[in-house]
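Report on the following structure.
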Amino acid sequence: MANARQEKLEMAVLQAGGLALLAFVLVGQTGALLNYEWTVAAGLQESADQVTPVGVAFNIGFAVADTLVYVPLLVAGLAGLWLGHPWGRLAMAAALGITAYWPIVCLRAIYEAAGAPGFAFSRQTIYAALLLPVMAYGIWGLAFLLRQDRK
């Protein structure tokens, strides 16, 4: 009985985290695709003055990929889990893989770019504080789904 309760709690955490990420990505990434300057003004993206025009190009590239691939996978995963469809677990696992992957890319890119000409990004600590838990959620979520598949 306690095991079933724990499993329901973990599933609720998985879905709540996914909904929070969906909102975050729709505003920050899809928003950047639609109006990059708005997301800069809102503090959700960086200006060319901070990350250079190449950095902006990469940010927009991630916005396109997130909007076309990550958002649909996350929506399908959340909906499929909610409805209890097996494909929901697969879509959610794919989305969680991306969830674990992209924070690592972003944090490492910021580390590598530090000191490069024109790169004046100064929010590394804030990004790490936000992105490391996102990465941990992705890894935890994948582990949770794998545990579920073994039953």
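The values are calculated or read from the model by the stated rules, or taken from the named source; none is laboratory data. All values derive from a computational prediction rather than experimental measurement. Note: ideal-geometry Cβ built from the backbone for every residue, glycine included; neighbour counts use all protein chains shown.
Condition first: touching an Asp or Glu at 6+ places or on another chain (Cβ under 9 Å) and either aliphatic (A, V, I, L, M) or in a loop (DSSP other than H, G, I, E, B) (or both). Can you find one or more residues in the stretch 53-65 that meet it? Yes, the stretch 53-65 contains a residue that is touching an Asp or Glu at 6+ places or on another chain (Cβ under 9 Å) and either aliphatic (A, V, I, L, M) or in a loop (DSSP other than H, G, I, E, B) (or both).
Here residue 46 meets each of (1) part of a helix (DSSP H, G or I); (2) surrounded by 13 or more Cβ atoms within 10 Å (Cβ to Cβ) with one exception, condition (1). For residue 64, which of the numbered conditions (1) among the β-branched types (Val, Ile, Thr); (2) surrounded by 15 or more Cβ atoms within 10 Å (Cβ to Cβ); (3) within 14 Å of the chain's Cα centre (by Cα) fails to hold? Checking residue 64 against (1) among the β-branched types (Val, Ile, Thr); (2) surrounded by 15 or more Cβ atoms within 10 Å (Cβ to Cβ); (3) within 14 Å of the chain's Cα centre (by Cα), the one that fails is (2).
Among the candidates 90, 73, the residue that is assigned to a helix (DSSP H, G or I) and either among the polar types (S, T, N, Q) or farther than 21 Å from residue 133 by Cβ (or both) is uniquely 90.
Take the stretch 20-38 and flag every residue that is more than 16 Å from the chain's Cα centre (by Cα) and in a helix (DSSP H, G or I).
Residues satisfying the conditions are 34, 36, 37, 38.
With respect to (1) more than 26 Å from residue 50 (Cβ to Cβ); (2) surrounded by fewer than 16 Cβ atoms within 10 Å (Cβ to Cβ); (3) without any contact (Cβ under 8 Å) to a residue 60 or more places away in the chain, the lone exception for residue 149 is condition (3). Of all the listed residues (56, 27), the sole one being buried (at least 16 other Cβ atoms within 10 Å of the Cβ), without any contact (Cβ under 8 Å) to a residue 40 or more places away in the chain and of a type in the set (Val, Ile, Thr) is 56. One residue alone among 118, 88, 17 is crowded, with 17+ Cβ neighbours inside 10 Å, touching a residue at least 12 places away in the same chain (Cβ under 8 Å) and over 12 Å from the mean Cα position of the chain (by Cα), and that residue is 88.
Might you check whether a residue that is under 24 Å from residue 136 (Cβ atoms) and of a type in the set (Asp, Glu) occurs anywhere in the stretch 48-63?
Kept after step one, since they are under 24 Å from residue 136 (Cβ atoms), are these residues of the stretch 48-63: 58-59, 62-63.
Cutting the leftovers down to of a type in the set (Asp, Glu) gives us none.
Scanning the stretch 48-63, I find no residue that is under 24 Å from residue 136 (Cβ atoms) and of a type in the set (Asp, Glu), so the answer is no.
Any residue that is over 21 Å from residue 130 (Cβ atoms) and either loosely packed, with under 15 Cβ neighbours inside 10 Å or modelled with pLDDT of 95 or more (or both) - is there at least one of those in the stretch 105-115? Checked against the condition, which is being over 21 Å from residue 130 (Cβ atoms) and either loosely packed, with under 15 Cβ neighbours inside 10 Å or modelled with pLDDT of 95 or more (or both), the stretch 105-115 yields at least one hit.
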